[in-house]
1. Any residue at all in region 115-137 that's modelled with pLDDT under 75, over 17 Å from the mean Cα position of the chain (by Cα), assigned to a loop (DSSP other than H, G, I, E, B) and not assigned by TED's automatic domain parsing to the domain that holds I16?
2. When region 67-82 is examined, which residues are found to be aliphatic (A, V, I, L, M) and either at pLDDT below 85 or surrounded by 17 or more Cβ atoms within 10 Å (Cβ to Cβ) (or both)?
3. Go through the residues of region 44-55 one by one and say whether even a single one is surrounded by fewer than 17 Cβ atoms within 10 Å (Cβ to Cβ), assigned to a helix (DSSP H, G or I), in contact with a helix residue (DSSP H, G or I) (Cβ under 9 Å, 6 or more places away or on another chain) and not hydroxyl-bearing (S, T, Y).
4. T62 fails exactly one of the following numbered conditions: (1) at pLDDT below 90; (2) part of a loop (DSSP other than H, G, I, E, B); (3) not charged (D, E, K, R). What is the number of that condition?
5. Might you check whether a residue that is in contact with a Phe, Trp or Tyr (Cβ under 9 Å, 6 or more places away or on another chain), closer than 28 Å to G109 by Cα and not hydrophobic (A, V, I, L, M, F, W, C) occurs anywhere in region 58-74?
6. Report every pair of residues separated by at least 6 positions or lying on different chains whose Cβ atoms are under 7 Å apart, first residue within region 1-23 and touching a residue at least 24 places away in the same chain (Cβ under 8 Å) and basic (K, R), second buried (at least 18 other Cβ atoms within 10 Å of the Cβ) and assigned to a helix (DSSP H, G or I).
7. Taking into account only those residues within region 26-69 that are within 20 Å of S15 (Cβ to Cβ) and charged (D, E, K, R), which is farthest from the chain's Cα centre (by Cα)?
8. Among the residues of region 2-41, what is the count of those that are farther than 15 Å from R65 by Cβ and in contact with a helix residue (DSSP H, G or I) (Cβ under 7 Å, 6 or more places away or on another chain)?
Amino acid sequence: MAREDTEDAIIAYKSILAQIIDNRPSGTRQRLATALGKHRSFVTQITSPTYATPLPARHLATIVRVCHFSASEEERFLEAYQAAHPGKLPDLGHSEKLRYLSLMVPDFGDDRKNRLLEEAISDLVQKIVAISARNDE
């Protein structure tokens, strides 16, 4: 795909994403930033069609979850993403039902430390779920 075509394809999926987010309650961008462990400016760059910054595939599942995509919104968005980034679409893990859990944790006043804490908590939860799944078998 030519560079210009790729940029147009990125603009297409980011336009869909921007429309979805605009139809969500205020604070969605901030909730997304928190879930991603990033600043809100990062969310603006990856969700706004005016920025050429591609949306990293590793963030797709979080975006779909936090923004509460409908089935049709998700299908439309992921088709556009796949067109822009052929072969880069990860498995979003929709086979298992998820629920959102919010925790209050200390703010270390350091972005790196805060991100490491969030990653540690996420890793712990994933390990607990894996153990639970093994016990159910």
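1. Yes: region 115-137 contains one or more residues that are modelled with pLDDT under 75, over 17 Å from the mean Cα position of the chain (by Cα), assigned to a loop (DSSP other than H, G, I, E, B) and not assigned by TED's automatic domain parsing to the domain that holds I16.
2. Going through region 67-82, the residues aliphatic (A, V, I, L, M) turn out to be 71, 78, 80.
Residues satisfying the conditions are L78, A80.
3. No, the conditions are met nowhere in region 44-55.
4. (2)
5. Quick first cut of region 58-74, residues in contact with a Phe, Trp or Tyr (Cβ under 9 Å, 6 or more places away or on another chain) only: 60, 63-66, 69.
Then keep just the ones that are closer than 28 Å to G109 by Cα; that gives 60, 63, 65-66.
Still in the running and not hydrophobic (A, V, I, L, M, F, W, C): 65.
Looking through region 58-74, at least one residue is in contact with a Phe, Trp or Tyr (Cβ under 9 Å, 6 or more places away or on another chain), closer than 28 Å to G109 by Cα and not hydrophobic (A, V, I, L, M, F, W, C).
6. Qualifying pairs under 7 Å: K14/T47.
7. Across region 26-69, the extreme among qualifying residues is R40.
8. Number of matching residues: 11.
The values are calculated or read from the model by the stated rules, or taken from the named source; none is laboratory data. All of these numbers come straight from a predicted model, not from anything done at the bench. Glycine also receives a Cβ, built like all others from the backbone with ideal geometry; neighbour counts cover every protein chain displayed.
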